[in-house]
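Note sheet for the following structure.
The values are calculated or read from the model by the stated rules, or taken from the named source; none is laboratory data. This structure is a prediction, so every number in the text was calculated from the model and none was measured. Cβ atoms come from the backbone with ideal geometry, glycine included; neighbour counts cover every protein chain shown. What goes into the accessible areas is simple: the full protein's heavy atoms, side chains included, and nothing from ligands, DNA or RNA. Shrake-Rupley method; radii C 1.70, N 1.55, O 1.52, S 1.80 Å.
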Number of protein chains: 2
Amino acid sequence: VSSEILTADAFEARLRSMGQTIYHRHHPFHQRLTSGSCSIDEVRAWALNRFCYQRTIPIKDATILSRLSDVRDRRIWRQRIVDHDGDLDDAPEGGLARWLALTDALGFEREYVVSLRGVLPAVRFACGAYVDFVATRPVLDAVASSLTEMFSPDTIRERVQGMLAHYDFVSPDALAYFRHRLTEAPRDVNFALDYVKANATTAEAQTRVIAALQFKCELLWAQLDAVEHAYSLRRPPPGAWMPGAGMMRTVSCKP
Amino acid sequence: VSSEILTADAFEARLRSMGQTIYHRHHPFHQRLTSGSCSIDEVRAWALNRFCYQRTIPIKDATILSRLSDVRDRRIWRQRIVDHDGDLDDAPEGGLARWLALTDALGFEREYVVSLRGVLPAVRFACGAYVDFVATRPVLDAVASSLTEMFSPDTIRERVQGMLAHYDFVSPDALAYFRHRLTEAPRDVNFALDYVKANATTAEAQTRVIAALQFKCELLWAQLDAVEHAYSLRRPPPGAWMPGAGMMRTVSCKP
């Protein structure tokens, strides 16, 4: 950690470099998922547990919204919540609904998924840490923790291509969530990146932004660690989802 | 979950039964640790990561202390903080100092351990969830989350015997922390068990107490999952302790 302030370009390059090293695209479970090595139950476990993360997103974004003092910033940030929660007059839309379309396609009962009953405790703890972070750290750090979206489009493209190529139980419709993220994430990250570049005006603040992005990468990595440990290495903790539980009678497959 | 209130005896029996199933004594890593199957680096990783949990204990106890309305309850609960933090006029004593004696004996630099730099993110998230739980849930639930101490003496005896029998790098002095806990934990649990029996006066409150103890068991289990994944199954996340890092020049062994 340097004690000299970085230029805007060097600061951005430093942040972007984290996508090449510690972002969860480099996690072995992501590699398994995209290369077709996962069993259907591993894919199910991943989707079930990631729903816990998905439902955390609008909550953490509402927390950040409550802490932004500039009305223009709030108008922009508010769109993130719309993206995930959808609109009243357009009921089934929004990222959460699209994620549930994926868990539907994988055979889960919605009530079971939404209840979070089968979610790994480690995933719940990571999601809780995210909300706690954006509620208690300086708002600059809270905004910075969203910067993983810099890395998500490439990762999403890789994930969607890999899953469609390798799993006959996954259809393009089931992956609609990711298609929407490909346009939402770049828009969101433009704002967040401009925000941290404008507001991190000291070396100390830049260091905090870098640490916030590292925290977020750790949080995503820890979730895949937990899924891998429980379902790839078959050491599910007591009470976690066991294959077969929370399933609808019939499992949708690609027609 | 029953909607009828349990008798005091049945309620206590229900709580105690969780020690037979979901308490971390039944985690495979505990079995490895006590049976001598761990490498010195696995024992180091366990001790390093558990320091993060140890340092959380007086913080969560101070949080509970701040929420107890009865002065007699606070006088009793305060002793837990003394046990872990020690006294000013008796500087090196207290559970945290005793835990650092263990990490010393395993060869770690104190500065490295105390910095938490090498701690697994999943362990940090679990510890954060503990503090959040006792700060935001009803105080009955917060007190109930300490009830794992019902199960700890047997587990500690098994752990100490196993570690002394199997590891020549562990001495009785290095395990002084656990010797003290054998007298502290039963005293603490007597109070907490009486408290939840007196204050859980509805079936709903009893259910919450059971859920709080389950949460705490999940939190302990998740920490061993993280250590096992990173160091027994050798998948440490980016930035976590790697064997060799944070070590003193010379490693103490049993003479």
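On the given criteria, is A:LEU68 surrounded by fewer than 19 Cβ atoms within 10 Å (Cβ to Cβ), in contact (Cβ under 8 Å) with a residue 60 or more places away in the chain and in contact with a Cys (Cβ under 7 Å, 6 or more places away or on another chain)? It is false that A:LEU68 is surrounded by fewer than 19 Cβ atoms within 10 Å (Cβ to Cβ), in contact (Cβ under 8 Å) with a residue 60 or more places away in the chain and in contact with a Cys (Cβ under 7 Å, 6 or more places away or on another chain). Scanning the range B:151-184 for residues being touching a Pro at 6+ places or on another chain (Cβ under 6 Å) and closer than 17 Å to B:ILE76 by Cβ gives a total of 0. Of all residues in the range B:83-110, exactly one satisfies the criterion of being touching a residue at least 40 places away in the same chain (Cβ under 8 Å) and over 15 Å from B:ALA47 (Cβ atoms), namely B:ASP83.
For the range B:126-140, filtered to residues that are out of contact with any Lys or Arg (no Cβ under 9 Å at 6 or more places or on another chain) and within 9 Å of chain A (Cβ to nearest Cβ), the residue that is farthest from A:VAL123 (Cα to Cα) is B:ASP132. Going through the range A:1-18 one residue at a time, which ones are open to solvent by 50 Å² or more (accessible area, probe 1.4 Å) and of a type in the set (A, V, I, L, M)? Within the range A:1-18, A:VAL1, A:ILE5, A:LEU6, A:ALA8, A:ALA13 meet the criteria. Which one is most open to solvent (accessible area, probe 1.4 Å), of the residues in the range B:231-246 that are facing chain A (nearest Cβ under 9 Å) and either over 20 Å from B:HIS27 (Cβ atoms) or modelled with pLDDT under 95 (or both)? Once the filter is applied, the top-ranked residue is B:GLY239. Residues that are among the hydroxyl-bearing types (Ser, Thr, Tyr) and more than 21 Å from the chain's Cα centre (by Cα) within the range A:1-48 comprise A:SER2, A:SER3, A:THR7, A:SER37, A:SER39, listed in sequence order. Scanning the range A:19-35 for residues that are in contact with a Leu (Cβ under 6 Å, 6 or more places away or on another chain) and either among the aromatic types (Phe, Trp, Tyr) or open to solvent by 10 Å² or more (accessible area, probe 1.4 Å) (or both) turns up A:HIS24, A:PHE29. Restricting attention to the range B:206-230, which residues are surrounded by 17 or more Cβ atoms within 10 Å (Cβ to Cβ) and either touching a Cys at 6+ places or on another chain (Cβ under 9 Å) or among the aliphatic types (A, V, I, L, M) (or both)? Answer for the range B:206-230, where residues must be surrounded by 17 or more Cβ atoms within 10 Å (Cβ to Cβ) and either touching a Cys at 6+ places or on another chain (Cβ under 9 Å) or among the aliphatic types (A, V, I, L, M) (or both): B:VAL209, B:ILE210, B:ALA212, B:LEU213, B:LEU219, B:LEU220, B:ALA222, B:GLN223, B:LEU224, B:ALA226, B:VAL227, B:ALA230. Among the conditions (1) within 14 Å of chain A (Cβ to nearest Cβ); (2) crowded, with 19+ Cβ neighbours inside 10 Å; (3) not aromatic (Phe, Trp, Tyr), B:CYS38 misses just one, which is (1).
Yes/no per residue for (1) surrounded by 17 or more Cβ atoms within 10 Å (Cβ to Cβ); (2) among the β-branched types (Val, Ile, Thr):
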position: B:ARG50; (1), (2): yes, no
position: B:ARG72; (1), (2): no, no
position: B:ILE81; (1), (2): yes, yes
position: B:ASP87; (1), (2): no, no
position: B:VAL119; (1), (2): yes, yes
position: B:MET150; (1), (2): yes, no
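Within the span defined as the range B:196-216, one or more residues are within 22 Å of B:PHE51 (Cβ to Cβ), out of contact with any Asp or Glu (no Cβ under 6 Å at 6 or more places or on another chain), of a type outside the set (S, T, N, Q) and within 14 Å of another protein chain (Cβ to nearest Cβ). The selection criterion, being touching a helix residue (DSSP H, G or I) at 6+ places or on another chain (Cβ under 8 Å), modelled with pLDDT of 95 or more and over 25 Å from B:HIS30 (Cα atoms), holds for B:TYR195.
Counting residues in the range B:3-20 that are over 19 Å from B:LEU219 (Cβ atoms) and within 14 Å of chain A (Cβ to nearest Cβ) gives zero. Within the range A:161-176, being in contact with a helix residue (DSSP H, G or I) (Cβ under 8 Å, 6 or more places away or on another chain) and not hydrophobic (A, V, I, L, M, F, W, C) holds for A:GLN161, A:GLY162, A:HIS166, A:TYR167, A:SER171, A:PRO172, A:ASP173.
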